[in-house]
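Novice: Next up is a structure, given as structure tokens.
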Protein chains: 2
Amino acid sequence: MKHVIITVGREFGSGGRAVAEQLAEKLGIKCYDKELLTLTAKKSGFSEKFIQENEEKKTDSFLFNLVMGISSQTSNLTGTQPLSVQLYMEEFKIIKETAEKESCVFVGRCADYVLRDRKDVLSVFIMAPMKSRITRIMDKYGIGEKEASEKILKTDKERASYYNYYSDRKWGKANTYQLCIDTSEIGIDGAVEMIQSYLEKWK
Amino acid sequence: MKHVIITVGREFGSGGRAVAEQLAEKLGIKCYDKELLTLTAKKSGFSEKFIQENEEKKTDSFLFNLVMGISSQTSNLTGTQPLSVQLYMEEFKIIKETAEKESCVFVGRCADYVLRDRKDVLSVFIMAPMKSRITRIMDKYGIGEKEASEKILKTDKERASYYNYYSDRKWGKANTYQLCIDTSEIGIDGAVEMIQSYLEKWK
């Protein structure tokens with residue numbers, strides 16, 4: 001197989017991570033999702049817990065930075081970046097280095113935007129209707145319908161906000177990606193096969 | 001083949017109509033694009049020229065209706081609909097009747113929304129990066145880059161405005177559709193094969 005990077009954006013509860021993992025396994029390459037946390041922690045000195053709580057969220061509010069000891073004014077005056085931006089920059093570097101080194105799948109984290117200048121990147125978005133996502137999240141976390149629905153809306157909002165802040169594209173807009181697939185009718189397997197089929201035509 | 005309807009939304013210059021036509025031919029079913037104009041003209045009494053100039057555009061402005069002899073105020077007071085709404089209602093009926101009667105492909109015209117209660121509808125969106133669309137439109141209409149770019153922006157704006165006005169969904173948003181495909185890398189043939197592949201998994 002030629003060197004190829006697949007980036008997977010996903011609506012919360014659509015099965016996007018499962019698609020990414022299964023695709024990576026079928027292609028015999030690595031899937032980077034939570035693994036990026038560990039790599040970022042190792043290289044940056046941030047703790048894994050801190051990264052988990054703050055990555056893929058746009059948390060550089062005045063209050064947040066104040067609590068963390070960096071005011072926006074100070075950071076602007078001194079050239080120091082807010083922590084969320086430092087965290088993004090660290091992940092950004094790791095995504096670029098990893099993509100250079102090996103074929104792989106990245107889940108979320110603006111990877112499609114970070115790697116926009118490469119010619120070997122297939123950018124995919126995985127989605128599903130709200131009803132199907134609620135069922136999936138209720139099953140996965142053992143929670144009720146209302147809680148599942150709120151969790152989905154909150155997480156999607158955070159992902160969109162993060163993506164739209166760090167890129168000049170729109171999260172969840174069809175033409176941000178090369179291929180967008182609804183998993184609710186064809187399942188995880190079906191979506192993986194569709195991506196493989198796109199890759200074959202693309203070569 | 002089971003009864004199936006495929007609706008194709010498309011960015012201007014992405015080759016969406018070509019995808020729809022080729023798909024219909026491969027499946028041995030009809031593709032309704034301009035054909036809807038003729039059907040609507042026959043049933044409504046509007047001329048084909050009038051329909052062509054006004055359909056898939058949200059043209060029910062006060063000025064437009066004034067020129068056409070229907071002021072918004074009059075239409076609201078008497079219950080008469082603006083002409084663009086009448087035209088939409090007529091196309092709406094024809095799309096519903098046709099979908100009931102036969103498997104087919106519909107290009108644009110909110111068909112996915114009109115048919116939202118059916119379980120046999122696959123809703124597709126065809127797109128391509130601006131650069132690739134400009135090249136296509138320059139070739140097709142024999143026009144320069146600037147004119148092609150303006151034509152694309154204007155047409156997409158009209159389509160989005162029409163779709164967003166008559167539906168409660170967003171034109172061009174990934175989760176409005178079940179499958180969104182960028183044709184620039186895999187071509188018209190590739191996109192057609194992807195849709196066929198989705199249909200096979202779906203059954």
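The values are calculated or read from the model by the stated rules, or taken from the named source; none is laboratory data. Quantities reported herein were computed from a predicted structural model and do not represent experimental measurements. Because the Cβ atoms are built from the backbone with ideal geometry, glycine has one as well, and the counts that use them run over all protein chains shown.
Novice: I'm trying to understand the selection: among the residues of segment A:36-53, which are surrounded by 12 or more Cβ atoms within 10 Å (Cβ to Cβ), in a helix (DSSP H, G or I) and without any contact (Cβ under 8 Å) to a residue 60 or more places away in the chain? Show your work before the answer.
Specialist: Residues of segment A:36-53 that are surrounded by 12 or more Cβ atoms within 10 Å (Cβ to Cβ), as a first pass: A:36-41, A:43-44, A:46, A:48, A:50-52.
If we keep only those that are in a helix (DSSP H, G or I) too, we end up with A:36-41, A:43-44, A:48, A:50-52.
Within segment A:36-53, A:L37, A:T38, A:L39, A:T40, A:A41, A:K43, A:S44, A:E48, A:F50, A:I51, A:Q52 meet the criteria.
Novice: Quick check, is B:A191 under 23 Å from B:H3 (Cα atoms) and either modelled with pLDDT under 95 or of a type in the set (D, E, K, R) (or both)? First the steps, then the outcome.
Specialist: Details: under 23 Å from B:H3 (Cα atoms): yes; either modelled with pLDDT under 95 or of a type in the set (D, E, K, R) (or both): no.
In short, no.
Novice: Kindly indicate the residue of segment B:141-160 that is small (G, A, S) and in contact with a Gly (Cβ under 9 Å, 6 or more places away or on another chain) and also surrounded by the most Cβ atoms within 10 Å (Cβ to Cβ) among those meeting that condition.
Specialist: Quick first cut of segment B:141-160, residues small (G, A, S) only: B:142, B:144, B:148-149, B:160.
Restricting the remaining residues to those that are in contact with a Gly (Cβ under 9 Å, 6 or more places away or on another chain) gives B:148, B:160.
On the way: B:A148: 23, B:A160: 17.
Among those that are small (G, A, S) and in contact with a Gly (Cβ under 9 Å, 6 or more places away or on another chain), it is B:A148.
Novice: For segment B:114-137, how many residues meet the condition of being buried (at least 18 other Cβ atoms within 10 Å of the Cβ) and touching a helix residue (DSSP H, G or I) at 6+ places or on another chain (Cβ under 8 Å)? I'd like the intermediate steps shown before the answer.
Specialist: Just the residues of segment B:114-137 that are buried (at least 18 other Cβ atoms within 10 Å of the Cβ), to begin with: B:114-115, B:121-128, B:133-134, B:136-137.
Then keep just the ones that are touching a helix residue (DSSP H, G or I) at 6+ places or on another chain (Cβ under 8 Å); that gives B:114-115, B:121-128, B:133-134, B:137.
Of the residues in segment B:114-137, 13 are buried (at least 18 other Cβ atoms within 10 Å of the Cβ) and touching a helix residue (DSSP H, G or I) at 6+ places or on another chain (Cβ under 8 Å).
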